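S.K.: One structure, pasted below without further comment.
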2 protein chains.
Amino acid sequence: MTNPVIIEVTRGPKVESIHRGAICVIDAEGKTVLSLGDVETPVFPRSAIKAIQALPLIESGTADAYGFGNKELSLVCASHSGEDEHIALARKMLKRASLNESCLECGGHWSSQAWVMRHQATLYKDTPPAICNNCSGKHTGFICTAAHCNIEPTGYIKRDHPIQQVINEALQDVTGTHHGEDICGTDGCSIPTYAIPLSAMARGFARMGAGSGLGAERAKAAKRLLTACMSEPFYMAGTGRFCTMLMELGNMRLFAKTGAEGVFCGAIPQFGLGIALKCDDGAMRASEAIMAAVFGHLMPKDDPLQEGLATLANPSVMNWNGWAVGEVRAQLPA
Amino acid sequence: MTNPVIIEVTRGPKVESIHRGAICVIDAEGKTVLSLGDVETPVFPRSAIKAIQALPLIESGTADAYGFGNKELSLVCASHSGEDEHIALARKMLKRASLNESCLECGGHWSSQAWVMRHQATLYKDTPPAICNNCSGKHTGFICTAAHCNIEPTGYIKRDHPIQQVINEALQDVTGTHHGEDICGTDGCSIPTYAIPLSAMARGFARMGAGSGLGAERAKAAKRLLTACMSEPFYMAGTGRFCTMLMELGNMRLFAKTGAEGVFCGAIPQFGLGIALKCDDGAMRASEAIMAAVFGHLMPKDDPLQEGLATLANPSVMNWNGWAVGEVRAQLPA
């Protein structure tokens, strides 16, 4: 099955590039609201499911034991830009659990955001340490959970470590899937990533937002995590980042989380809707624009959010003189 | 027409992302050697045709008047990384023509290469000036030509400026196409870019490499430019860049030039072959890998270049711990 074109990128009078992909929206009862392209072949969710991976942090009592509030929980679900505030908060969390950042096994890297990297260049001579990894909040959550549960954290990134096992159990429960080694890849931050159909990811985020189809404790934990992310969108990504801007615009009504290689998951809790999409080619410019378009498609036509969503769904292509020379056009059936 | 998958990107046991595209190879007699996907719909060549755009610099006598050698001519055909050596050479060229870099109309930007940008961050507080634009060599060539020909350089980026007209004439002649306003977009550096079929770009580079189908003077200028690029591949791109690595590997046998949005043009002058390809989605990781694979396909199977080409065609996907977690796989019919 060839997925449809979901994004056109124009230059002057012509379409210059196209992006194909698949999109799935499921409601709280498990009914398909929107299905475009192949939503059943498993794909790696990458960072888009960090909120699900954070459930054990809440359910184990770790978050309460260390007094983690909305900012900390948002950072745990984040792919952050490595801004000073992100790093400071991750360090504060580790301190609460009497842990050292040398326990982090995610590897370090320069920020994906050019302006942050230029700032980092004034702080670090070589590659910044693991605490600057965009996943350092998630990893901090992992080792805090280990510390609270008296589990040895060393090797917590491995598939057979108790931390990864409890995360995998939560992920299977929420998405209604079964994960064997045959669908297991290694993520950018070295933890396992399991390939899951978009339909299952969308179902999972419908459940996370609505609390349906989950046990009472899990439903409560899910609500707490999505609320934290929507309350503190800066800690979920960073200054000028798409997830942050979208959730700031949404004002507690929209949840959205990007993953690498063109994946996006989201939820509209008030309508019980879960969303999952992937661009075939992994392009983030495409996954971002189409995600905004999907939210626009699902929100009421007269909702004041629509103007902001339309802007995010159709950004201009700028050149080095700051001229708008084309546009990114999200293509959704009306 | 849906273009075929030309690149698969794997992670662990699964294909994670795919890239579609079209490829055309034409020989010096105009015969099609390889055609994959839609090679007749016009696409923007972007920076991939800088060597053709540099013909007037030679033909007008400008290059000789200012004593431009291989390094300067390579820089004129370059999308360089903005390394200190690139900037110094562009400045030296402007000085030869008694021009000031304030004449450059391409706009400034931070380097596309993270390590260069971090170095630039120690030199510039705000966005670096136009001389740091990856196209500053090309623009320097334009205004040097204007200076030598007593043409007022102001506005040289506009479609109706004499410099752009003479470039467009050369481009139409070499590619055998006709360019009206209806196929004209604005490039990243603000000059016109005309949509051309891949088949015409490939024909153009076959002619550039073989000297066939061009007037005697133009054939000589073309040979001089490709030779300059192959002699000085660092000035065509920069440290660790694909075009530079490929031409270093090729050792005067392979010419290759990337363009934005997944375009690549190339030539194997000894066989009279011209190559043009575009990835539908504009991804450079895909256009680079498939370009190496196309060279591998066209060179003799027992050529010592094959090992290096195979490495460039199938790079590993690395994670933040430096683990190889997947691979980019070029897909060409055997």
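The values are calculated or read from the model by the stated rules, or taken from the named source; none is laboratory data. Since this is a predicted model, take the numbers as computed values, not measurements. Cβ coordinates were reconstructed from backbone atoms using ideal geometry, including for glycine residues, and neighbour counts include every protein chain displayed. Please note that ligands, DNA and RNA were not included when accessible areas were found on the heavy atoms of the full protein model with its side chains. Shrake-Rupley method; radii C 1.70, N 1.55, O 1.52, S 1.80 Å.
S.K.: Based on Cβ point charges of +1 for Lys and Arg and -1 for Asp and Glu, what charge dipole magnitude is obtained for region A:53-185 about its Cα centre, in debye rounded to the nearest 20?
M.R.: For region A:53-185, the charge dipole is close to 500 debye.
S.K.: Per residue of B:111-121, count partner chain C-beta atoms within 10 Å of its C-beta, then hand back the mean as an integer.
M.R.: Per-residue shielding by partner chains comes out at 3.
S.K.: Using a simple charge model, +1 on the beta-carbon of Lys and Arg, -1 on the beta-carbon of Asp and Glu, nothing else, what dipole does chain B show about its Cα centre, in debye to the nearest 20?
M.R.: Dipole magnitude for chain B comes out near 420 debye.
S.K.: Per-residue mean of other chain beta-carbon atoms within 10 angstrom of the beta-carbon, peptide A:272-281?
M.R.: The per-residue average across the peptide is 3.
S.K.: Shifting gears a bit: Using 1/(1 + (r/R0)^6) with R0 = 41 angstrom and r between the beta carbons of A:E29 and B:T32, what's the FRET efficiency to the nearest 0.05?
M.R.: Step by step, r from the Cβ atoms, then E = 0.15.
S.K.: P(r) of region B:129-192 in 10 Å steps, Cα pairs, percent per bin?
M.R.: 20, 52, 27, 1
S.K.: Find every distance from the label point of B:C149 to the corresponding label point in the other copies (7 Å from Cα along Cα→Cβ) and write them in nm, one decimal, shortest first.
M.R.: Once sorted, the set of distances for B:C149 reads 7.2 nm.
S.K.: Now for a separate question. Going by a ≥ b ≥ c, the root eigenvalues of the Cα gyration tensor, does region A:5-59 fall in the rounded group (a/c under 1.5), the prolate group (a/b larger than b/c) or the oblate group?
M.R.: Prolate.
S.K.: A further question on this structure: How far is A:K31 from the same spot in each other copy, in nm, shortest first, if each label point sits 7 Å from Cα toward Cβ?
M.R.: Taking the point 7 Å beyond Cα along Cα→Cβ, the inter-copy spacings are 6.4 nm.
S.K.: In whole Å, how far is the Cα centre of region B:22-96 from that of region B:116-153?
M.R.: Computed from Cα coordinates, the inter-centre distance equals 16 Å.
S.K.: Name the shape class, rounded, prolate or oblate, that the alpha-carbon gyration tensor gives for region A:195-260, where a ≥ b ≥ c are the square roots of its eigenvalues, rounded holds for a/c under 1.5, and otherwise prolate holds if a/b is larger than b/c and oblate otherwise.
M.R.: The shape class here is oblate.
S.K.: First measure r as the distance between the Cβ atoms of B:R91 and A:M318, then evaluate 1/(1 + (r/R0)^6) with R0 = 22 Å and state the FRET efficiency to the nearest 0.05.
M.R.: 0.25
S.K.: So, one more: Take the Cα of B:T122, step 7 Å along the line toward its Cβ, and report every residue of region B:85-102 whose backbone nitrogen sits under 20 Å from that point.
M.R.: B:85-89
S.K.: Apply the Karplus curve 6.51 cos²θ - 1.76 cosθ + 1.60, θ = phi - 60°, to the phi angles in region B:81-96 and return the couplings in whole Hz, x for Gly and Pro.
M.R.: 7, x, 6, 3, 5, 5, 5, 4, 5, 4, 5, 4, 5, 4, 5, 4
S.K.: For B:T186, what residues show an amide H to amide H distance below 5 Å, using hydrogens built from the backbone and excluding near sequence neighbours?
M.R.: Result for B:T186 returns A:G12, B:T193.
S.K.: Looking at B:A121, A:A78, B:I131, which one has the Cα that reaches farthest to the positive end of the dipole of the protein assembly as shown (charges on Cβ: Lys, Arg +1; Asp, Glu -1)?
M.R.: Among B:A121, A:A78, B:I131, the one farthest towards the positive end of the dipole of the protein assembly as shown is B:A121.
S.K.: With an 8 Å Cα cut-off and a minimum separation of 6 or more residues, compute the relative contact order for chain B in percent.
M.R.: 24
S.K.: While we're here: Roughly speaking, what is the stretch gain from A:T154 to A:Q270, that is 0.36 nm per residue apart minus the C-alpha to C-alpha distance, in nm to one decimal?
M.R.: That works out to 37.7 nm of additional length.
S.K.: Quick check on chain A: helices-only [θ] at 222 nm, where DSSP H runs of length 4 and up contribute -39,500 (n - 2.57) each and the sum goes over total residues. Nearest 500, please.
M.R.: Calculated at 222 nm, the ellipticity per residue is -11500 deg cm²/dmol.
S.K.: Across region A:224-241, in residue order, what do the Karplus-derived ³J(HN,Hα) couplings come to in whole Hz, using 6.51 cos²θ - 1.76 cosθ + 1.60 with θ = phi - 60° and x for Gly and Pro?
M.R.: 4, 5, 5, 4, 4, 5, 5, 6, 10, x, 4, 6, 6, 8, x, 4, x, 7
S.K.: Right, another one. Roughly how tilted is helix A:136-148, in degrees to the nearest 10 and between 0 and 90, from the longest Cα axis of chain A?
M.R.: It works out to around 30 degrees.
S.K.: Suppose a student asked you for the relative contact order of region A:244-334, using Cα pairs under 8 Å spaced at least 6 residues apart; what percent would you report?
M.R.: Relative contact order for region A:244-334 comes out at 20 percent.
S.K.: Follow-up. Among the lysines, select those whose C-alpha is under 21 Å from the C-alpha of B:K138, and discard any that sit fewer than 8 residues away in the same chain.
M.R.: Within the straight-line limit of under 21 Å, B:K138 reaches these lysines: B:K50, B:K71, B:K92, B:K95, B:K158, B:K220, B:K223, B:K257.
S.K.: A further question on this structure: Suppose accessible area is computed on protein heavy atoms with a 1.4 Å probe; arrange B:K14, A:K301, B:K71, B:K50 from highest to lowest.
M.R.: The most accessible residue leads, giving A:K301, B:K71, B:K14, B:K50.
S.K.: To one decimal in nm, how far is A:N70 from the same spot in the other copies, if labels go 7 Å from Cα toward Cβ? Please give the shortest first.
M.R.: 6.4
S.K.: Over region A:86-204, what is the mean sequence separation of C-alpha contacts under 8 Å (at least six apart), divided by residue count, expressed as relative contact order in percent?
M.R.: 23
S.K.: Taking chain B on its own, what percent of its Cα-Cα pair distances exceed 32 Å?
M.R.: More than 32 Å apart: 25 percent of the Cα pairs in chain B.
S.K.: Under the Cβ-under-4.7 Å rule, which cysteines of chain B stay unpaired?
M.R.: B:C24, B:C77, B:C103, B:C132, B:C144, B:C149, B:C184, B:C229, B:C243, B:C265, B:C279
S.K.: Sticking with this one: Sorted by packing (mean other beta-carbon atoms within 10 Å per residue), highest first, where do B:116-123, A:143-150 land?
M.R.: Going by the mean number of other Cβ atoms within 10 Å, highest first, we get A:143-150, B:116-123.
S.K.: Which distance in nm do the two modelled labels at B:T239 and B:D84 give, with both placed 7 Å along the Cα-to-Cβ direction?
M.R.: Once both label points are built, they end up 1.0 nm from each other.
S.K.: Using θ = phi - 60° and the Karplus form 6.51 cos²θ - 1.76 cosθ + 1.60, what ³J(HN,Hα) does each residue of region A:28-37 get, whole Hz, x for Gly and Pro?
M.R.: Going residue by residue, I get 5, 8, x, 7, 6, 9, 8, 9, 9, x Hz, with x marking Gly and Pro.
S.K.: Decide, for region B:229-334, between rounded, prolate and oblate: order the square roots of the alpha carbon gyration tensor eigenvalues as a ≥ b ≥ c, take rounded if a/c falls under 1.5, and otherwise choose prolate if a/b is larger than b/c, else oblate.
M.R.: rounded
S.K.: If you roll a 1.4 Å probe over the protein assembly as shown with all protein chains in place, what percent of the accessible area is carbon or sulfur?
M.R.: 51
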